[in-house]
Amino acid sequence: MPRTKITIDYSKCGDGVGIDPRNCGKCLNVCDVAVLLCHETLGVPQDPIDPQTWRVSALWWDLCNRCMKCVEACPQRAITVSW
Amino acid sequence: MKHGAGGKWYLNAKNYSNELAKELDLERYLTEQWRFFETLYIRKFMGGLVSSSGLGYKLRLPIIGRVLRYEVENMIHSESKNRNPIRADGHFGQVVPLEDAKLIFANLAAEPIIENYCMCRVMQKGVKEVCCFNFGVLSGVIEKLPRFIPKNTKLRLDREEAIARLEKHNRDGKVATIWFQPVPYINAICSCETPQCGGLRLRNDFGLNVVYKAEYAIRLDPDNCQGCKLCVPMCQFGALRYSPSLKRVLVDDTKCFGCGLCRHACKFDALRLVPREEAPGLKGQY
């Protein structure tokens, strides 16, 4: 089976540019296998006590069952899933 | 006392003590670990070569997968002096039934005991749920990090309050787990739910020994079981199934983690926990 490729457009969601994924979380919630991870963005200067710049990553992409629910749920249309 | 030896490492009072935390300089270690906990899975390890992204795929690769598994197990169980907090080295746990968890809260957990947001649920499901208990030095560390502090519930709990809250979570269907963090210091009881629990993900989907099965296993009395099926949805491990031909529930011993949640649903006294070491065929299987 070809590898699943999940991409997230960080100009639309996360990284302090698009909407804040911590206030949305629709993709996380709709994914029954919990493929996605919401985490503070690395590589940007952050307050270590209370970081404010977050993004979603497709962490466990190998477990994705390609149901496309995250793609449909995202109000920003930031997620694509292909294989 | 090692896990999986039939002895209960989590009943050893020394493992909860402030002295141990001080001796290992754990306030510093845990501050570092908890500040960056959500980034644990995306950080590179093994000299910057790999992250946990697509870990299941990577673990299935020939040769590389075996090396990776060996390295990750070493990190999980590390007792070395130069452990890395941002990889949560030495952080693993075990499923405990409600009775043992109560015993821990009543007698062993170091104060202060706090109940904060479950980080796993926030980062994998976008759901804020207050069901994660921490003790001792770790409580002080977490109290300084605003994102873990619950808005509408009490943060610090006394022993009775902690027991009552845990019992509620357990009866609601969340599995109690006790954690080394880092080994041999014990400072957390979680109310876990698969698949969003980081520990259960690594164990159930990738076969990594982050969470061990309980010191118990379930036994079903086929004479008492009335086939009401109420226990089946309580099991997070897929160990219970209703058989229409036998008109009763079947247990898959190899999948049972011994959490005992199914018992909460049984009205006919058909489900009991027995010590794993006394269960033929399950001895030594954690």
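So the check is Cβ under 8 Å with 6+ separation or different chains; which pairs have a first residue in region B:108-134 that's in contact (Cβ under 8 Å) with a residue 60 or more places away in the chain and a second one that's surrounded by fewer than 20 Cβ atoms within 10 Å (Cβ to Cβ) and among the acidic types (Asp, Glu)?
These pairs meet every condition: B:Cys118/B:Glu129; B:Arg121/B:Glu129.
Taking region B:152-198 only, how many residues are within 21 Å of B:Gly258 (Cβ to Cβ) and of a type in the set (Phe, Trp, Tyr)?
So the answer is 2.
Just the residues that are β-branched (Val, Ile, Thr) and more than 7 Å from chain B (Cβ to nearest Cβ), please, taken from region A:36-62.
Result: A:Thr41, A:Val44, A:Thr53, A:Val56.
Checking the condition more than 17 Å from B:Gly126 (Cα to Cα) and either basic (Lys, Arg) or touching a residue at least 60 places away in the same chain (Cβ under 8 Å) (or both), which residue from A:Arg55, A:Arg77 passes?
Going through A:Arg55, A:Arg77 in turn, the sole match is A:Arg77.
If a residue has to be of a type outside the set (D, E, K, R), in a loop (DSSP other than H, G, I, E, B) and more than 7 Å from chain B (Cβ to nearest Cβ) to count, how many in region A:7-35 make the cut?
Counting residues in region A:7-35 that are of a type outside the set (D, E, K, R), in a loop (DSSP other than H, G, I, E, B) and more than 7 Å from chain B (Cβ to nearest Cβ) gives 8.
Can you name the number of the only condition in (1) in a helix (DSSP H, G or I); (2) within 14 Å of chain A (Cβ to nearest Cβ); (3) surrounded by fewer than 15 Cβ atoms within 10 Å (Cβ to Cβ) that B:Lys144 fails?
With (1) in a helix (DSSP H, G or I); (2) within 14 Å of chain A (Cβ to nearest Cβ); (3) surrounded by fewer than 15 Cβ atoms within 10 Å (Cβ to Cβ) applied to B:Lys144, the lone miss is (1).
For B:Met46, indicate whether it is at positive phi, more than 14 Å from chain A (Cβ to nearest Cβ), hydrophobic (A, V, I, L, M, F, W, C) and surrounded by 12 or more Cβ atoms within 10 Å (Cβ to Cβ).
yes
Looking at B:Ala13, B:Ala21, which is the one that is among the hydrophobic types (A, V, I, L, M, F, W, C) and either modelled with pLDDT under 95 or crowded, with 18+ Cβ neighbours inside 10 Å (or both)?
B:Ala21 is the lone residue from the list that is among the hydrophobic types (A, V, I, L, M, F, W, C) and either modelled with pLDDT under 95 or crowded, with 18+ Cβ neighbours inside 10 Å (or both).
Out of the residues in region A:44-83 that are part of a loop (DSSP other than H, G, I, E, B), among the hydrophobic types (A, V, I, L, M, F, W, C) and buried (at least 19 other Cβ atoms within 10 Å of the Cβ), which is nearest to the chain's Cα centre (by Cα)?
For region A:44-83, the residue satisfying everything is A:Ala58.
So, of the residues in region B:53-85 that are farther than 20 Å from B:Ile186 by Cα and in contact (Cβ under 8 Å) with a residue 12 or more places away in the chain, which turns out to be surrounded by the most Cβ atoms within 10 Å (Cβ to Cβ)?
The selected residue is B:Leu55.
Residue check, A:Asn65 against (1) more than 8 Å from chain B (Cβ to nearest Cβ); (2) touching a residue at least 40 places away in the same chain (Cβ under 8 Å); (3) among the polar types (S, T, N, Q), all met but one. Which one?
(2)
Going by what's in this entry, would B:Ile178 be described as assigned to a strand (DSSP E or B) and modelled with pLDDT of 95 or more?
So B:Ile178 fits the description; yes.
Just checking, does region B:72-93 include any residue being in contact with a Ser or Thr (Cβ under 7 Å, 6 or more places away or on another chain), assigned by TED's automatic domain parsing to the domain that holds B:Met123 and of a type in the set (Gly, Ala, Ser)?
Yes, region B:72-93 contains at least one residue that is in contact with a Ser or Thr (Cβ under 7 Å, 6 or more places away or on another chain), assigned by TED's automatic domain parsing to the domain that holds B:Met123 and of a type in the set (Gly, Ala, Ser).
Looking for something outside any strand (DSSP E or B), in the same structural domain as B:Gly260 (by TED's automatic domain parsing) and free of Cβ contacts under 8 Å to residues at least 60 places away in the same chain - is there at least one such residue anywhere in region B:181-199?
Within region B:181-199, not a single residue is outside any strand (DSSP E or B), in the same structural domain as B:Gly260 (by TED's automatic domain parsing) and free of Cβ contacts under 8 Å to residues at least 60 places away in the same chain.
Residue-wise test of (1) more than 21 Å from the chain's Cα centre (by Cα); (2) assigned to a helix (DSSP H, G or I).
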| position | (1), (2) |
| --- | --- |
| B:Lys22 | yes, yes |
| B:Gly47 | yes, no |
| B:Ser53 | yes, no |
| B:Gly56 | no, yes |
| B:Pro62 | yes, no |
| B:Val67 | yes, yes |
| B:Lys81 | yes, no |
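Checking the structure you have, find out if any residue of region B:56-66 is within 14 Å of another protein chain (Cβ to nearest Cβ) and closer than 28 Å to B:Cys132 by Cβ.
yes
The values are calculated or read from the model by the stated rules, or taken from the named source; none is laboratory data. As the structure is a prediction and not an experimental result, all values here were calculated from the model. Cβ: placed from backbone, ideal geometry, glycine included. Neighbour counts: every protein chain shown.
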